[in-house]
Amino acid sequence: MGGIMKRALFFFTSIFFLGSCSISYVTFSSESKSWTGQYKGHIKDDSEDGMFTFQYKGGDGNTELKNLEIAINEAFSTMTQTSEIHKGARIEMKSSCVSCAPLSKDEPIEVVIKWDDKYEEKIVLKRK
């Protein structure tokens, strides 16, 4: 096999493997009276890596949120994070799965945030 044939075979084999995996990026966001929320995800075939970010409006690095609970309701699961005292107005939650049913790219994500033993708000993150 000549050098040109080997290169051509390598090129077409590479294109085949590169084309066989599906990669997409998704962003969901929304806000409520007191919070802004966002999800940025990277979906590849049957795996997904992403980050949920929530920001308490009007808060800063000195803000203290007591008994904070964030429940993220996805199609087949609920991810919850709780903390007795959270310092700061920003909360990040990593989300990843392998060999799973990745997040539907179009279904909204419902998030319920509770804090200070008296407040509760729902955010519905929608695809942007």
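Values quoted throughout were computed directly from the atomic coordinates according to the rules given, and no laboratory measurement underlies them. Just so you know, these numbers come straight off a predicted model, no measurement behind them. No Cβ is skipped: glycine too gets one built from the backbone with ideal geometry, and neighbour counts run over all protein chains shown.
Quick one: length gained pulling residue 69 to residue 116 fully straight, 0.36 nm per residue minus the C-alpha distance?
Roughly 16.0 nm would be gained on extension.
Taking the Cα centroid of the stretch 28-55 and of the stretch 58-103, what is the distance between the two, rounded to the nearest whole Å?
Each part reduced to its Cα centre gives a spacing of 10 Å.
By what distance, in whole Å, do the Cα atoms of the stretch 39-80 stretch along each of the three principal axes, largest value first?
Extents along the principal axes, in whole Å: 41, 18, 11.
Please report, to two decimal places, log10 I(q)/I(0) for the stretch 22-127 at q = 0.22 Å⁻¹ as given by the Debye formula with identical point scatterers on the Cα atoms and no solvent.
Computed log10 I(q)/I(0) values: -1.16.
Provide the FRET efficiency to the nearest 0.05 for the residue 27-residue 87 pair, computing r from the beta carbons and using R0 = 22 Å.
The value I calculate is 0.20.
Can you figure out the FRET efficiency of residue 77 with residue 126, using R₀ = 22 Å and their beta-carbon distance, to the nearest 0.05?
0.70
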